[in-house]
1. Return the residue satisfying two criteria in turn: it lies in the stretch 151-174 and is outside any strand (DSSP E or B) and under 22 Å from the mean Cα position of the chain (by Cα), and of such residues it is surrounded by the most Cβ atoms within 10 Å (Cβ to Cβ).
2. Can you confirm whether the stretch 9-20 contains a residue that is in a loop (DSSP other than H, G, I, E, B), at pLDDT 95 or above and within 30 Å of residue 247 (Cα to Cα)?
3. I'd like the full set of residues that are more than 15 Å from the ligand (Cβ to nearest atom) and in contact with a helix residue (DSSP H, G or I) (Cβ under 8 Å, 6 or more places away or on another chain), limited to the stretch 202-224.
4. Taking the stated definitions as given, is residue 386 modelled with pLDDT of 95 or more, outside the structural domain of residue 188 (by TED's automatic domain parsing) and closer than 25 Å to residue 209 by Cα?
5. Inside the stretch 322-374, can you point out the residues that are exposed (fewer than 15 other Cβ atoms within 10 Å of the Cβ) and either in contact (Cβ under 8 Å) with a residue 40 or more places away in the chain or in contact with a helix residue (DSSP H, G or I) (Cβ under 8 Å, 6 or more places away or on another chain) (or both)?
6. Here are 154, 178: which of them is farther than 15 Å from residue 241 by Cα, within 16 Å of the ligand (Cβ to nearest atom) and touching a helix residue (DSSP H, G or I) at 6+ places or on another chain (Cβ under 7 Å)?
7. List every residue pair whose Cβ atoms lie under 6 Å apart, where the two residues are 6 or more positions apart in sequence or sit on different chains, the first residue falls within the stretch 208-225 and is over 19 Å from residue 299 (Cα atoms), and the second residue, located anywhere, is near the ligand (Cβ under 10 Å from one of its atoms).
Ligand code: DLL
């Protein structure tokens, strides 16, 4: 373990540390960020009001809209001279959300990452290729510093130019790959096509940044012949390093000394008891550049506080089921794309590439699921009875799991788009 004394602290000690840090964080935000000063005043919360961890419920939530309203630096708590790095979200729907880090924040970030990559099995013998895009996106630099901290050999190859990535992987004897699971799958397919898959020495995949069911992870592992762990985070909270899987892979350990996690009902905002499924809300306990109080992540998950078989005591969050704003509402029924992914990946005839197309016909929502046939099964496209039989089996299973009828289209190999970053699998033509 990277910091065994911290990662195995008894629960009571973790909570005592969180309370102490929460109290000083609230005071820090109150004194240094006019936005929080006003918000806390309006809610009647003074720093002295926080006496137990449960008192966090008095603090109002912070949302993405608050970040946008305070663009670019309005939520910074430290003066510009102390900010040494800025990252930002991609901002596909408006202005990006901007995050500033002090030197101490960067140190904390790389410690968090170092813990998680070590928990995944990386060490100083690991040669790791970072195939996340370097730049304002937090993924690449976040993992980069954590991996350097544990002494791994880092190859900052960034995303794109996949043929060159594969050449470097082969020539450098790369043993670990950092990327989205969808890009990893693409790298594997291209390496197979080029006839060099067998020359790669990949053992470990440090994946994250997008939803990935266990079934999808298994498919990517099979393609590349590696063991993969999942990593979770978001720019607003630091980037990656909020939580990640150890080799037990029974949930992602939350770095609880730096991040206080709650689960709330996404509709009512009510705090739910531990173990319930709901929206993850996170408070950054130690950040100084841009601390965040009770950030609504919109990610739907569940938290388990039992000690893990690996010995770590930090609570584990389940792989997010999806984002509350990615949940598809089809003819009144809530459907998460991850449910569809689980069904599709249960069929060996299906490749890990799919797209969900939403349309509206006659005032009614339609969901078309386009999915590629796996290599070795594309001949079915020329065998109508067999194709029909497979189509019927998958459609039936989708209906059972989703509770609604969908249109399934089975497609040939490499007909759907491939992604070098986060996969975009939903095409909503209803708007
Ligand atoms: O994706 C940070 C990151 C980089 C995490 C690299 C892990 C590895 P954003 O671009 O701000 O930050 O996107 C954050 O992506 O709220 C989730 O909806 C989703 N997400 C991130 N990691 C996972 C994961 C980075 N492991 C948003 N599983 C989050 C499911 C994830 N969803």
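1. Among them, the one singled out is 157.
2. Residues of the stretch 9-20 in a loop (DSSP other than H, G, I, E, B): 9-10.
Filter once more, keeping what is at pLDDT 95 or above: 9-10.
This time we only want the ones that are within 30 Å of residue 247 (Cα to Cα), so: 9-10.
Yes - at least one qualifying residue is present in the stretch 9-20.
3. In the first step, residues of the stretch 202-224 are kept if they are more than 15 Å from the ligand (Cβ to nearest atom); the result is 202-203, 218-219, 221-224.
Within the stretch 202-224, 202, 218, 219, 223, 224 qualify.
4. Values: modelled with pLDDT of 95 or more: yes; outside the structural domain of residue 188 (by TED's automatic domain parsing): yes; closer than 25 Å to residue 209 by Cα: no.
No, not satisfied.
5. The first filter runs over the stretch 322-374 and keeps only residues exposed (fewer than 15 other Cβ atoms within 10 Å of the Cβ), leaving 325, 329, 331-334, 346, 348, 359-364.
Within the stretch 322-374, 331, 333, 346, 359, 360 meet the criteria.
6. Working: 178 fails: farther than 15 Å from residue 241 by Cα.
Within the list 154, 178, the selection yields 154.
7. Here the result reads 220/181, each pair linking the stretch 208-225 to a residue that is near the ligand (Cβ under 10 Å from one of its atoms).
So that you can scan it fast, the table gives a plain yes or no per residue for (1) within 16 Å of the ligand (Cβ to nearest atom); (2) farther than 19 Å from residue 402 by Cα; (3) modelled with pLDDT of 95 or more:
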site: 242; (1), (2), (3): yes, yes, yes
site: 262; (1), (2), (3): yes, yes, yes
site: 269; (1), (2), (3): no, yes, yes
site: 284; (1), (2), (3): yes, yes, yes
site: 298; (1), (2), (3): yes, yes, yes
site: 311; (1), (2), (3): no, yes, yes
site: 326; (1), (2), (3): yes, no, no
site: 334; (1), (2), (3): no, no, no
site: 347; (1), (2), (3): no, no, yes
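The values are calculated or read from the model by the stated rules, or taken from the named source; none is laboratory data. Since this is a predicted model, take the numbers as computed values, not measurements. Here Cβ is always computed from backbone atoms with ideal geometry, including for glycine, and neighbour counts include all displayed protein chains.
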